[in-house]
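Here is the structure we will look at.
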Amino acid sequence: MDQRNFYIETYGCQMNVSDTEIVNSILMEDGMQPVNEPNQAEVIFINTCSIRENAEERVWNRLKEFKALKKEKEGDLTVGVLGCMAERIRDKIMEKEKLVDLVVGPDAYRDLPKLLADVDDGRKAVNVLLSLEETYADVKPVRTNDNGVSAFVTIMRGCDNMCAFCVVPFTRGRERSRPAESILDELERLSDQGYREVTLLGQNVNSYNDGEHSFADLMYKASQVDPEMRVRFSSPHPKDFPEELLKIISEQPNLCNYIHIPAQSGNDEVLERMRRPYTRQQYLDLVDRMREIIPGVTLSTDIITGFCGETEEEHEDTLSLMARVKYDLAYMFAYSERGRTLAQRKYEDDVPEKVKKRRLSEIIEQQMNIQEELNKKEIGRRHLVLVEGPSKRSDEQLCGRTDTNKMVVFDREDYAKGEYVEVVITDCTSATLMGDPIKKSSIAEFEAEKITA
């Protein structure tokens, strides 16, 4: 067969982005080539997300568009679904709606060449089996759509936490950790390719354990790969956050002073219904310890409002938790019931949609005010900014992130993507800092100046 082009559209979390890079590698190894537009491809994949209902809706709509494109191409197009939605909706999309030719779960990507051959032979192709071993440790991801500066590196797959609202254990299977050696090898390659920042990914990174290394061990080793490459991670769980890790972050200049620590709710009864095994006070104690050990650390969180049975008083507890912690960033959502979860089996989704929307609006409004208040305190401070590229509004300006994960926009002058630039903050919005560039710098130089200042 002639060389075929493939196109992948990715929805959902950073883990899905990382999975797409694994699929790129497997398909290119089989002689296929990636393209940037669906109408250039003979094979189209949608890498799907099941976390929230609106992500699934977008996938359904897109599949219908691709069905129309297939008709235009007189059938000379193969369409497949990858990832988290695959197992749950395979019958509907293949048999009832006839929208796709193949369905492949997140542990079956190695099987893609064979499954594509099955489709070529006129058969429908499905592999949604979950694995207890697959980590794709030996697959070298191919990054085709990133900025060439920052990259995601998956360190583990699956999840054992079984939070009541979450479908991930059912779509991604049980937790297993990738060998540390393969992770460190990937970091070395990224450093050699000029990447300046990596984010280590897992559903619960602080339970990482490959049999020899804990997550704290891995983070220390990651920091040693390249002292001029920043290292971030996402997401940890409040229930088992190691203090040793906080100390390592405070000691290693290239481990970023930013932690994403999902709270989900500020009320103990809701947390218990959600099967989040910590209390509000335990969470606040952890936040206090983070700030004590890592001065200047910034925090972000996930919040779900309108979970089953949530009362107005319980909602107020979430607002008060967010006001107490003062997060620099929050990902805030109204609860949407997902099939197969404990919440769907055990609880009634009884908070009216109108109430969910109102509570979400209250949470967002308060959070935006907090972010603006925190960002105003940044005015006059100096930050080391890693340049990611031109700003969205003007090619005359660049944008990049601080070590604390705040986006900064400043005049381009003669600075370039992938460089570290020292910037003094002059203004802000609730989402972005604005600044004046001072000079090109490095992590080592910036740290040395901080010590002598």
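The values are calculated or read from the model by the stated rules, or taken from the named source; none is laboratory data. Computed from a predicted model, the values in this text were never measured in an experiment. Cβ: placed from backbone, ideal geometry, glycine included. Neighbour counts: every protein chain shown. When the accessible area is computed, the model is the full protein with side chains, heavy atoms only, and any ligands, DNA or RNA have been set aside. Shrake-Rupley method; radii C 1.70, N 1.55, O 1.52, S 1.80 Å.
Computed values, structure above
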{"read-out": "Cys residues of the chain counted as unpaired, since no other Cys beta-carbon is under 4.7 Å", "value": "C13, C49, C84, C159, C256, C308, C399, C428"}
{"read-out": "Isotropically averaged projected area of region 295-453, using the convex hull of Cα atoms (one quarter of hull area), nm²", "value": "12.0 nm²"}
{"read-out": "Linear extension gain, K239 paired with R291, 0.36 nm per residue minus alpha-carbon span", "value": "17.0 nm"}
{"read-out": "Region 384-414-region 284-303 distance, computed between alpha-carbon centres (Å)", "value": "26 Å"}
{"read-out": "Probe 1.4 Å, accessible area per residue of the chain, Å²", "value": "44 Å²"}
{"read-out": "Hull shadow area, averaged, region 244-286 [alpha-carbon convex hull, nm²]", "value": "3.5 nm²"}
{"read-out": "Dimensionless Rg/Rh of region 112-233 - Kirkwood Rh, Rg from C-alpha atoms", "value": "1.03"}
{"read-out": "Average projection area in nm² (convex hull over Cα atoms of region 336-376, one quarter of hull surface)", "value": "3.8 nm²"}
{"read-out": "Pairs of Lys in region 319-453 closer than 20 Å at Cα, counting only those 8 or more apart or on different chains", "value": "17"}
{"read-out": "Paramagnetic label zone (point 7 Å from Cα along Cα-to-C-beta, S131; backbone N under 20 Å) in region 156-191", "value": "156-160, 168-187"}
{"read-out": "Distance in nm between pseudo-label sites at D192 and L69 (7 Å out along the Cβ direction from Cα)", "value": "3.5 nm"}
{"read-out": "Separation of alpha-carbon centers, region 19-91 and region 161-205, rounded to whole Å", "value": "23 Å"}
{"read-out": "Amide H partners (placed H, <5 Å) of N147, local residues excluded", "value": "none"}
{"read-out": "Of all accessible heavy-atom area on region 32-127, the percent that carbon and sulfur account for (1.4 Å)", "value": "41 percent"}
{"read-out": "With every protein chain in place, region 284-375: carbon and sulfur % of accessible area (1.4 Å)", "value": "51 percent"}
{"read-out": "Label-point separation, N54 to E37 (7 Å along Cα→Cβ), nm", "value": "2.9 nm"}
{"read-out": "Percent of beta bridges antiparallel (DSSP, region 73-223, rounded to nearest 5)", "value": "20 percent"}
{"read-out": "Which label in [x] 20.6, 59; [y] 30.9, 107; [z] 22.7, 70 gives the computed Rg and Dmax of the Cα atoms in Å", "value": "[z]"}
{"read-out": "DSSP beta bridges in the chain [antiparallel fraction, %, rounded to 5]", "value": "35 percent"}
{"read-out": "Cα-only Debye scattering, region 97-154: base-10 log of I(q)/I(0) at q = 0.15, 0.16 Å⁻¹", "value": "-0.62, -0.68"}
{"read-out": "Kirkwood-based Rg to Rh ratio, region 210-287, C-alpha trace", "value": "1.04"}
{"read-out": "At q = 0.13, 0.14, 0.16, 0.18 Å⁻¹, base-10 log of I(q)/I(0) for region 1-160 (Debye sum, equal scatterers on each alpha carbon)", "value": "-0.57, -0.67, -0.89, -1.16"}
